[in-house]
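Okay, so here's the structure we're looking at.
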Amino acid sequence: MSADRLTNFRPTRRHLMGLSTAVALAICSRAARADSDTDRATAFMTQMVAELIAVVNGSSDTSGKAVALQKIIDKDVDVNGIARFCLGRFWRQASPDEQKQYIELFHKVLLKNITGKVGDYSGVDISIQKTFTRDDGIVVSTSVLRPNNAPAKVDWLMTVESGHPLVIDVIAEGTSLRLTQRNDYSAFLTRNNNSVTALLDALKQQANG
Amino acid sequence: MSGFNRLSRIVPALVLLLGMGTLSGCATPPPADDPDAVAEYRETNDPIEPTNRLIYAANDRFDKAIFRPLAVGYRAVLPQTVRDHTHNFLGNFGMPVQMINDILQTKPRHAGDSMMRFVTNTTLGVGGIFDVATDFGWPDHDADSGMTLALWGVPTGPYLYLPLFGPSSPREGVGLGMDYMLDPFSWIGVDNTDRNLGYAKMGLSAIDERARVIDDLDKVTGQALDPYATIRSLYRQHRQSQIDDARDDSKPTIPAWFPAAMRHSSKPTTASATLQ
């Protein structure tokens, strides 16, 4: 190898080392960021679980609990994102006005269903088991204990895309809330000539019924 | 054999009903120029949906008229503790077939759990009325032939809604039959008394299981726009998670009561000493 070629080679090698250091640093910082994301998700969940337990086990009646729960949901749950997910391919078919109506109704029905579920609960305990990342977000696994019930495994899927962790799905004993809802809506739409208007009417009945 | 007698009655009835099903209607696939709809149709994988819906409607009517009221009555009459002990007692009968499936799934730790559950709960737990095994570190888990077939790589196949049994698939349907054949309790007994006890156990198990899901099922059917589709979705997801749990299981062999000091005795402690 000539000296000329060696001098040509040296910068490349230096570059290479520089590059590998940069890559290593990038990987480290990405890992660190992922760590900090899971830490944030765990911290966020700890806070949310504490608030949830306080409301559910609290002494207020169903309507009082509903108000308190709505606050937590508005703050910590990406309801608009979940609503869009649940409408799936029909979201694009809906007009902007229908989309707006749908989102509003979805909020109402979701809150109604959730408060209907927890209205009569008491003595609930939720413990955080572990946090891990998945393709579609960060999952915090919890174990939900209700008196006279076997412990239930509930996973909370969240995204940190907006900078602040938000819940985008609840997976109870392996069943995803938003996927089940999406399958329900799509079956309904398929049997009603893919009419979003029909879905909105049905949701209105659910929200007001 | 009483077990075989029962089976010889159930199987033709099932075959007849399934045959009726395939005759009476298939779902219409969506037009090929709508790729989203086609993808959804494939994902739903319910080619005999109209038939399944008919059976679902029949089951639902039976449930509303007879089964649910029975379960509600059962829950109202018996206190929670009695129901829990009944549930333990009935569940204990399922341990041998569960252990056989654990072995077929090549899950020796699970098989050990099932065996110790059966032994301790039948003896110390007074015939299975008390679940002492869980406290000893042998908790219950799910294992049946449908899961065994899944772990062997058998695909689930299209959705099937079975009369009385409810949500299923060809794989799970075959699994039901296999569980029946593998269950030693299906084959014990030679006279009418044993057979009637078997029926009583089956009936009570059904009411026990129904009573445990009254509230959850009421909420599902009350809140869903299409209860049939929602149950289909919930069933599939739950089944998949049971199978995933069995596949990913990495439970340590050592039970909870084993002295902590002796747990790590098998570790090569001398190796680190020689290194220093």
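The values are calculated or read from the model by the stated rules, or taken from the named source; none is laboratory data. From a predicted model like this one, the values you see are computed outputs, not experimental measurements. Here Cβ is always computed from backbone atoms with ideal geometry, including for glycine, and neighbour counts include all displayed protein chains.
Summary table below
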{"quantity": "Residues of segment B:81-101 satisfying the condition of being of a type outside the set (Ser, Thr, Tyr) and over 20 Å from residue B:187 (Cα atoms)", "calculated": "B:82, B:83, B:84, B:85, B:87, B:88"}
{"quantity": "Residues within segment B:29-62 that are surrounded by fewer than 16 Cβ atoms within 10 Å (Cβ to Cβ), within 12 Å of chain A (Cβ to nearest Cβ) and assigned to a helix (DSSP H, G or I), tallied", "calculated": "6"}
{"quantity": "Among the residues listed as B:71, B:76, B:65, the single one being closer than 29 Å to residue B:170 by Cα, surrounded by fewer than 17 Cβ atoms within 10 Å (Cβ to Cβ) and either of a type outside the set (D, E, K, R) or touching a Ser or Thr at 6+ places or on another chain (Cβ under 6 Å) (or both)", "calculated": "B:65"}
{"quantity": "Selection within segment B:180-230 - within 13 Å of chain A (Cβ to nearest Cβ) and of a type in the set (Gly, Ala, Ser)", "calculated": "B:211, B:222, B:224, B:229"}
{"quantity": "Search result, residues across segment A:178-209 that are farther than 26 Å from residue A:96 by Cβ and more than 9 Å from chain B (Cβ to nearest Cβ)", "calculated": "A:209"}
{"quantity": "Residues of segment B:223-251 that turn out to be within 16 Å of the chain's Cα centre (by Cα) and outside any helix (DSSP H, G or I), as a count", "calculated": "0"}
{"quantity": "Qualifying residue in segment A:195-209 (condition: of a type in the set (D, E, K, R) and either on the phi > 0 side of the Ramachandran plot or touching a Gly at 6+ places or on another chain (Cβ under 7 Å) (or both))", "calculated": "no"}
{"quantity": "Members of segment B:230-276 that are more than 27 Å from residue B:146 (Cβ to Cβ) and modelled with pLDDT of 60 or more", "calculated": "B:254, B:255, B:256, B:257, B:258, B:259, B:260, B:261, B:262"}
{"quantity": "Positions within segment B:46-77 being over 17 Å from residue B:202 (Cα atoms) and small (Gly, Ala, Ser), in sequence order", "calculated": "B:57, B:58, B:65, B:73, B:76"}
{"quantity": "Residue B:199, sole failed condition from (1) modelled with pLDDT under 90; (2) under 19 Å from residue A:173 (Cα atoms)", "calculated": "(2)"}
{"quantity": "Residues satisfying the stated conditions in segment A:76-114, i.e. more than 14 Å from every other protein chain (Cβ to nearest Cβ), outside any helix (DSSP H, G or I) and closer than 18 Å to residue A:180 by Cα", "calculated": "A:77, A:78"}
{"quantity": "Wholly enclosed strands (runs of 3 or more DSSP E) of segment A:115-177 bearing at least 3 residues β-branched (Val, Ile, Thr) and more than 14 Å from chain B (Cβ to nearest Cβ)", "calculated": "A:125-134, A:137-145"}
{"quantity": "Tally, over segment A:150-167, of residues that are under 27 Å from residue B:213 (Cβ atoms) and touching a residue at least 60 places away in the same chain (Cβ under 8 Å)", "calculated": "2"}
{"quantity": "Residue match in segment A:191-203 (condition: among the hydroxyl-bearing types (Ser, Thr, Tyr), free of Cβ contacts under 8 Å to residues at least 40 places away in the same chain and in a helix (DSSP H, G or I))", "calculated": "no"}
{"quantity": "Every residue from segment A:63-110 that is of a type in the set (Val, Ile, Thr) and either out of contact with any Lys or Arg (no Cβ under 9 Å at 6 or more places or on another chain) or in contact (Cβ under 8 Å) with a residue 40 or more places away in the chain (or both)", "calculated": "A:67, A:72, A:73, A:77, A:79, A:82, A:109"}
